[in-house]
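Written below as structure tokens is the structure these notes are about.
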Amino acid sequence: MHIPDGLLDLRSAGVAAVLSVAGMGAALRRLRTGLPRRRIPLMGLSAAFVFAAQMLNFPVAGGTSGHLIGAVLATVLLGPSAAVVVMASVLIVQCLLFADGGLLALGANVLNMAVVGTLGGAAVFAAVRRLLPGPRGLLAAAAFAAWCSTVLAAMACAIELAASGVTRWSLVFPAMTGVHMVIGLGEALITALVLAAVLRTRPDLLGLDAAGPADAPPSRVAAAGAVAAAFGLVMFGLPFASTAPDGLERVAARLGFAEQARPGLSATPLPDYRTPGLGSAAAATCLAGAVGTVITFAIACGLAAALAPRRRAPGGA
């Protein structure tokens, strides 16, 4: 659902950028006062996992593919404010290092997936969670919220495309919503499976283990396992990823505005998730993915460390 340059006019892109900056600013302000420092590694791990998972497109009906957005997954693990920052970090790395999504459309992509997808999914998750307590209720609420998050992000994208005049609202809205209703099923399934694994290993991270502190940092073994899982997704999952066009690309081709899209930044270090100079396409993609995973982890951890309130020593020292 990464919008390339050429599809949004300057007015729509500018409005989306202002709204995304406002959403990011609100999230950053909340983190300055409410982010426990023990959660810093978890923000980095979540960002690395989301980045790696977004590289793996899964097939859906009609020769279309989709990929995990991860907004609700990050929300359940970290809270909505931290999830907004994690998602924005992933999208910025994808744009600036891999030319995935246009530079002028970066504000719109952050708005759709990091702000609308995260906050909308968080609202749905909180509402359903009140009705469905317990571990099973958490998984059901997260799965439904993940589906809603995907659809809401697609709706926001449709609004921007229609406002830019690339196609009619009556065509793009049902097309984007319909295909992402199907893609959202994959988002829901992946989110539930990942959270089920977390429930088995660290239920305290989800607030379901009264015996342990909810803000306890991941152990070294757990952190190493999470990093290994992210790298495993890149190294072993990419050969099986679908190469079919994603939901936005399929809609653009069907409605006849695909030719208006322009490539992203031409001077990115790893364009199109390929490492220059490697003869093997698989190796070039895997190495680029590994580099992106590390960089995303470092950026999210760095932001979290800068934002988390520092503890004051006794006596005000």
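Here, each number is a calculation from the coordinates, and none is a lab measurement. These numbers were taken from a predicted model, which means no experiment stands behind them. Cβ coordinates were reconstructed from backbone atoms using ideal geometry, including for glycine residues, and neighbour counts include every protein chain displayed.
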Worksheet item: Given DSSP loops and a limit of at most 13 other Cβ atoms within 10 Å, what is the longest stretch of the chain that contains no such trypsin sites (Lys or Arg not before Pro)?
Response: 1-167
Discussion item. Please give the Cα centre distance for the range 278-302 versus the range 113-128, rounded to the nearest Å.
Written reply: 28
Worksheet item: Helices from the chain with mean Kyte-Doolittle at least -0.5 and a Cα length along the axis of 18 Å or more, per DSSP H: which?
Response: 10-34, 40-54, 80-98, 117-131, 134-163, 169-201, 281-307
Discussion item. Let me spell out the model: positive unit charges on the Cβ of Lys and Arg, negative unit charges on the Cβ of Asp and Glu, origin at the Cα centre of the chain. What dipole size does that give, in debye rounded to 20?
Written reply: 1120
Practice prompt. Using only Cα atoms, locate the centre of the range 60-81 and the centre of the range 144-193, then give the distance between them in Å, rounded to an integer.
Written response: 12
Worksheet item: Around Ser65, which amide H atoms from residues at least 5 apart in sequence, or from another chain, sit under 5 Å from its own amide H, with H modelled in the peptide plane?
Response: Val60, Asp246, Gly247
Worksheet entry | Computed E for Ala305/Ala267 - FRET, C-beta separation, R0 30 angstrom, nearest 0.05 | 0.55
Item to complete: Evaluate the relative contact order of the range 10-308 (contact order divided by residue number), counting alpha-carbon pairs under 8 angstrom at least 6 apart; express in whole percent.
Response: 32
Fill in: Within the chain, helix-based [θ] at 222 nm, where runs of 4 or more DSSP H residues each add -39,500 (n - 2.57), nearest 500
-21000 deg cm²/dmol
Worksheet item: Taking the Cα-to-Cβ direction at Val15 and at Ala197 and moving 7 Å from each Cα, how far apart do the two end points lie in nm?
Response: 4.0
Worksheet, complete the sentence: Read-out Rg and Dmax of the Cα atoms in Å, candidates (1) 19.1, 61; (2) 19.1, 67; (3) 21.6, 74; calculated match is (2)
Discussion item. Please compute the modelled spin-label separation between Ala283 and Arg32, points set 7 Å along Cα→Cβ, answer in nm with one decimal.
Written reply: 4.8
Practice prompt. Hey, can you grab everything whose amide H is under 5 Å from the amide H of Gly101? Only 5+ residues off in sequence or another chain; H modelled, so Pro and N-termini drop out.
Written response: none
